[in-house]
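All remarks here apply to the structure that follows.
The values are calculated or read from the model by the stated rules, or taken from the named source; none is laboratory data. The model shown is predicted, which means the values in this text are computed figures rather than measured ones. Note that we place each Cβ from the backbone using ideal geometry, even for glycine, and neighbour counts take in every protein chain shown.
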Amino acid sequence: MKPLYVLNGPNLNRLGKREPAIYGTTTLAEVEQICRGAAGERSIVFHQTNSEEKLIDLVHEAIDEAAGILINPAAFTFTSLALLDALKMFEGPVIEFHISNIHKREPIYHRSYVSMRADVVMAGLGAKGYGVAVGALVGMLADDESELIEHLNFPKPL
Ligand code: CA2
């Protein structure tokens with residue numbers, strides 16, 4: 001079974017250590033454990049990077065390896081056409097995830113490039129919401145697979 005890729009953008013390595021009023025007290029290491037716990041039989045490939053180039057390289061890796069992508073692109077959400085272009089090459093489900101509700105914040109946080117590719121956008125559930133998002137991704141993949149099985153069992157008549 002292909003893994004899920006959970007990708008995190010710039011500054012999220014500081015999670016739980018700064019601005020707890022916005023981002024809470026859960027650390028990124030705890031987020032990783034939450035994701036693994038919510039994934040069931042699926043394995044998780046978990047990364048955080050402060051580099052746009054590295055994040056795009058990880059999306060390229062996911063294109064070849066992953067069943068689905070959960071991405072918190074952080075500030076690259078609002079700036080990176082290159083990240084959007086990379087995500088457009090991925091054929092499986094993509095969930096865009098934000099710890100805070102970006103729409104409750106200043107207008108610069110309202111226009112997401114990544115949302116133009118994401119199948120699902122989640123914002124405002126806090127860091128523990130990563131588990132909800134992984135569960136949703138697992139469910140989306142199970143739905144896809146049951147549709148495929150249905151199609152294989154009941155092919156359309158000629
Ligand atoms: O709410 C989110 O998950 C964000 O993607 C986080 C980004 C922000 O640019 C987005 O608007 C929303 C910023 C991440 C900053 O990370 C920090 C982590 C800990 C402490 C301070 C900042």
Can you pull out every residue in the stretch 33-47 that is within 16 Å of the ligand (Cβ to nearest atom) and within 11 Å of VAL134 (Cβ to Cβ)? ILE34, CYS35, PHE46
Note on GLY16: of the conditions (1) small (Gly, Ala, Ser); (2) in a loop (DSSP other than H, G, I, E, B); (3) more than 14 Å from the ligand (Cβ to nearest atom), unmet is (3)
Extreme residue, surrounded by the fewest Cβ atoms within 10 Å (Cβ to Cβ), among residues of the stretch 97-124 that are modelled with pLDDT of 95 or more, among the hydrophobic types (A, V, I, L, M, F, W, C) and more than 8 Å from the ligand (Cβ to nearest atom): MET116
Among the residues of the stretch 51-77 satisfying the criterion of being surrounded by 15 or more Cβ atoms within 10 Å (Cβ to Cβ) and in a loop (DSSP other than H, G, I, E, B), which is nearest to the ligand (Cβ to nearest atom)? PRO73
If we keep just the residues of the stretch 100-114 that are more than 20 Å from TYR130 (Cα to Cα) and in a helix (DSSP H, G or I), which is farthest from the chain's Cα centre (by Cα)? PRO107
So how many residues does the stretch 125-150 have that are within 12 Å of the ligand (Cβ to nearest atom) and touching a strand residue (DSSP E or B) at 6+ places or on another chain (Cβ under 7 Å)? 3
Is there any pair with a first residue in the stretch 4-16 that is farther than 12 Å from VAL31 by Cβ and in contact (Cβ under 8 Å) with a residue 40 or more places away in the chain and a second that is more than 7 Å from the ligand (Cβ to nearest atom) and small (Gly, Ala, Ser) whose Cβ atoms are under 7 Å apart and which are 6 or more apart or on different chains, and what are they? LEU4/ALA39; LEU4/ALA66; LEU4/ALA67; LEU4/GLY68; TYR5/ALA62; TYR5/ALA66
